[in-house]
Amino acid sequence: MTRARHRRLRDLRTVLQPFIANAPRRLALGAALGALTVLMGMALLGLSGWFITATALAGLSATTAVVFDVFMPSAGIRLLALGRTGARYGERLVTHDATFAALADLRERLFRGWARPEAARALMARPARLLFRLTADIDALESLYLRLAVPAIAALGAALLAGVVTGFMNLWLGLALTAWLLMSGWGIALWLTRQARPHAMRRAQATELLRARAVDLVSGQTELAMAGRLDAQREALAAADQRLARAELALNRLDVRAGAVYSMAGTLTLVAVLLAVGALVGEGAIGAPAAALALLVALTATEPFAALRRGALEAGRTWLAVHRLAPRMADAVSPVALAATGPDVALHEVYATHAGSATPALQGLSLRIAAGERVALVGPSGAGKSTLLAVLAGEIAPTQGDVHVPSHCLLTQRSEVFQDSLRDNLRLADASADDARLWSVLEAAGLAGEVRATSGGLDTLLGEGGLGLSGGQLRRLALARLLLRDAPFWLLDEATEAVDTVTAHDVLRRVAARAEGRTLLIATHLRREAALADRLIRIEHGRLVADLHRSTPAFDAALRALRPD
């Protein structure tokens, strides 16, 4: 086995294990119902052909017409018709329900795989690509079950039933028919899979590229216009669309060819069975009704194999999705938990490096912050302040050292606000919070009056990125969300950097009032933020170079050296 094939099988196992583990009984039941539907359809058509032929022959003689039993076959036909309808309904209900449940579980696992250190930076760097993984790539996995596994099992059942029916007439005919159906039906599907795979992969990649470029054109049209790149972006979008069209055309051609090949295989099967049963009828081994039964069963036995065609066309896209998702599925565990042995914050010989960088952003940094302390983290840009906060918040995993931190929350300079109601944006901090508690934190953040003045109140819909709120209102909304998260340790990363002075002082005053009894760590360049602290820690080049306490000349000098309000 080649290394590439071994890797593909490993990736497939990685994705299939959680897929199957989610609802193994429903998946098995759905496949069984799919096979039962096909078998009942074959039995229905075969019994109908036998019954019509037998009835016609019985009517040629008054004696046989009188003794011929029409009730049992007709009852069987009705039973098979009703059973086939019920099995089809059950198969569609069970297979799709099981598939949607499994895909929802995979999405959750994938999202958990992203909820790890460095995940936020990766999402910000390539949001369109990762969104495609969460939507289109997960959706592509449904082909593994709905369009490959279920039709393959149904086709196997059809081949076995056709072989058993004709085998009772002639053993060698049954064996030959079963072997032919499996070799031709699955062989054509395998050939189609190999031929379609590169085109399906190109279509998936072109679709992703088209989506990304369309999003870039719409969301970045102002920047593109200012840079004089609108025409170039439109041309790139058109090129991606043409690439997608070429892949679609190639797949459509393969689909037509596969349909023609399946049609020829079905015709050859029917002709061969017709000649075989004709010879058996001529020898007197079987009668005309049995010959009609064999012909109709052979005719319907090829249909389930043709149902594999769509799955075979999509197999390339499915394999690509498996290859891209498997690494994340393998890592899809709960985010790395930082050790929390007590209320104090402690770091010992911590090293941290950003992705793509060979130089550590933190180099052997050791620090202890007692519960209830207020600490300001200062230093030049690039010294490692934000990196230290990211390590404490669990957004960056240290490459070396120990980190002990209690339950915490982070207030950054940028407020993440989604296109949703104000209530749901607040509940990101605590999904169980009722309206009374939401109004309480809005009051504490100084935003309640402005929210009450709106017609929607807590139901006020916000645009993407907080469209509809001013910069000061966004700061207060972020503060309200911080207050809603009842954590003993607050981290503030230049929380008032881009806010006007009046709003900044108001926000900081409210933070100081509500931070009583909590541990506070502020990364800042501003004097107004550092003034909240009782201790100044200065870092340079990822190392701690000064630890100053309030009411000391060094503390006062360091505070005065910071940028004024």
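Before moving on, here are some points about what is shown:
- Residue within segment 128-147 that is surrounded by fewer than 18 Cβ atoms within 10 Å (Cβ to Cβ), within 26 Å of Trp319 (Cα to Cα) and β-branched (Val, Ile, Thr) present: yes
- Here Leu27, Leu45 are screened, and the one residue that is at pLDDT 80 or above and touching a Phe, Trp or Tyr at 6+ places or on another chain (Cβ under 8 Å) is Leu27.
- Cross-chain or 6+ apart pairs with Cβ under 7 Å, segment 441-467 first and in the same structural domain as Leu508 (by TED's automatic domain parsing) and surrounded by 17 or more Cβ atoms within 10 Å (Cβ to Cβ), then modelled with pLDDT under 85 and among the charged types (D, E, K, R): Ala444/Arg510; Ala444/Arg514; Ala445/Arg476; Ala445/Arg510; Gly446/Arg476; Gly446/Asp506; Gly446/Arg510; Leu447/Arg476
- Single residue of segment 198-237 satisfying the filter (of a type in the set (Asp, Glu) and surrounded by 13 or more Cβ atoms within 10 Å (Cβ to Cβ)) that is farthest from Trp319 (Cα to Cα): Asp216
- Flag if Ala245 is small (Gly, Ala, Ser) and within 29 Å of the chain's Cα centre (by Cα): yes
- Positions within segment 162-173 being under 19 Å from Gly49 (Cα atoms) and without any contact (Cβ under 8 Å) to a residue 40 or more places away in the chain, in sequence order: Gly163, Val164, Gly167, Phe168
- Check on Arg246, surrounded by fewer than 17 Cβ atoms within 10 Å (Cβ to Cβ) and either within 21 Å of Ala321 (Cα to Cα) or small (Gly, Ala, Ser) (or both): yes
- Yes/no for Ala43 being over 36 Å from the mean Cα position of the chain (by Cα) and surrounded by 15 or more Cβ atoms within 10 Å (Cβ to Cβ): yes
- For segment 330-367, taking the residues that are surrounded by fewer than 15 Cβ atoms within 10 Å (Cβ to Cβ), closer than 24 Å to Trp490 by Cβ and modelled with pLDDT of 85 or more, the one that is farthest from the chain's Cα centre (by Cα) is identified as Ser366.
Matching residues to (1) part of a helix (DSSP H, G or I); (2) closer than 18 Å to Ser48 by Cα; (3) among the hydroxyl-bearing types (Ser, Thr, Tyr):
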{"site": "Ala258", "(1), (2), (3)": "yes, no, no"}
{"site": "Tyr262", "(1), (2), (3)": "yes, no, yes"}
{"site": "Ala276", "(1), (2), (3)": "yes, no, no"}
{"site": "Leu293", "(1), (2), (3)": "yes, yes, no"}
{"site": "Leu296", "(1), (2), (3)": "yes, yes, no"}
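- Residue check, Gln400 in contact with a strand residue (DSSP E or B) (Cβ under 6 Å, 6 or more places away or on another chain) and either under 30 Å from Val451 (Cα atoms) or surrounded by fewer than 16 Cβ atoms within 10 Å (Cβ to Cβ) (or both): yes
- Matching residues in segment 183-196 - criterion: being buried (at least 19 other Cβ atoms within 10 Å of the Cβ) and either without any contact (Cβ under 8 Å) to a residue 40 or more places away in the chain or over 20 Å from Ala301 (Cα atoms) (or both): Thr193, Gln195, Ala196
- Tabulated pairs, segment 380-396, first in the same structural domain as Leu526 (by TED's automatic domain parsing), second β-branched (Val, Ile, Thr), C-beta under 6 angstrom, 6+ apart or interchain: Ala383/Ile539; Gly384/Ile539; Ala390/Ile396; Leu392/Val405
- Among residues of segment 440-464, those that are part of a helix (DSSP H, G or I), more than 18 Å from Arg510 (Cβ to Cβ) and among the acidic types (Asp, Glu), counted: 1
The values are calculated or read from the model by the stated rules, or taken from the named source; none is laboratory data. As the structure is a prediction and not an experimental result, all values here were calculated from the model. Every residue, glycine among them, receives a Cβ derived from its backbone with ideal geometry; neighbour counts consider all protein chains shown.
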